[in-house]
Amino acid sequence: MSRTPLFPIIGRLLDIANLPVLEGTSHVTSRTKASVYDFVTAPTDRSWTIHNRDDGTTEDYSPAHGRRIRRGEFDHIDPDLRIPTAPICIRPCYPLDLDVWGRSRDEWYLSEVTNTASGCLLRAEHSTGSDAHTVLTFDDRMGLLTRWEVFENDVPVHSVVLTDLRQPKTLDSSGEASGTPMATVFDD
């Protein structure tokens, strides 16, 4: 592994905004819970549909219609049309929503970028100087973050791993995406 300059990586991360649609599975793990989500997101217009496999909840968001949450017969529409931060399960698809860039509102700052065989690892330190750090895995072939992990004292406390990613060719009349896989499940 070797170190690499940060600016070319940031440019590649921002290119995700040019993807019309991306779908896949998100595995979110914390110290006490693990959840799996299926998602379809359109970074170009900042919209998404997320389905929680555990509780059946589906959340839709589009700038034109706001947020809608469905769970069984319960249907909640949030008329607030302000653009929200992307949900944690798809936040790697919206890299500027991650608070790792050292901006005044961010809790983290990037400290190291290391090349790997398939892309690079971006390490960020916590702004308080604690032993917490976060690691982002950037897949060079796909041009996006596929893993976001938070550690305290080198013990994992939170992770988001995107798998089964593909860029659908079209959305059919029911809103279902269809296309060819971009990648298979990622191994550790």
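No value in this document is a laboratory result; all are computed from the given coordinates. If you're wondering where the values come from, they're calculated on a predicted model, not measured in any experiment. All Cβ positions, glycine included, derive from the backbone under ideal geometry; neighbour counts span all protein chains shown.
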Open item on the list: So for each of 99-107, 122-130 I average, over its residues, the number of other beta carbons within 10 Å; can you give me the resulting order with the highest mean first?
Closed with: 122-130, 99-107
Task: Options Gly11, Asn115, Val155, ranked by Cα towards positive dipole end of the stretch 6-167, top entry (Cβ charges) - done: Gly11
TODO: Would you give the gap between the C-alpha center of the stretch 111-137 and the C-alpha center of the stretch 43-69, rounded to a whole Å?
DONE: 29
Open item on the list: Neighbour counts of other C-beta atoms within 10 Å: give me Leu19, Leu98 arranged from fewest to most.
Closed with: Leu19, Leu98
Open item on the list: Taking 8 Å as the Cα distance limit and 6 or more residues as the minimum spacing, I'd like the relative contact order of the stretch 6-167 as a percentage.
Closed with: 21
Task: In nm, spacing of pseudo-spin labels at Phe7 and Asn153 (7 Å Cα→C-beta vector) - done: 4.0
Task: Residue exposure sequence - Phe7, Phe151, Phe39 - by fewest surrounding Cβ within 10 Å - done: Phe7, Phe151, Phe39
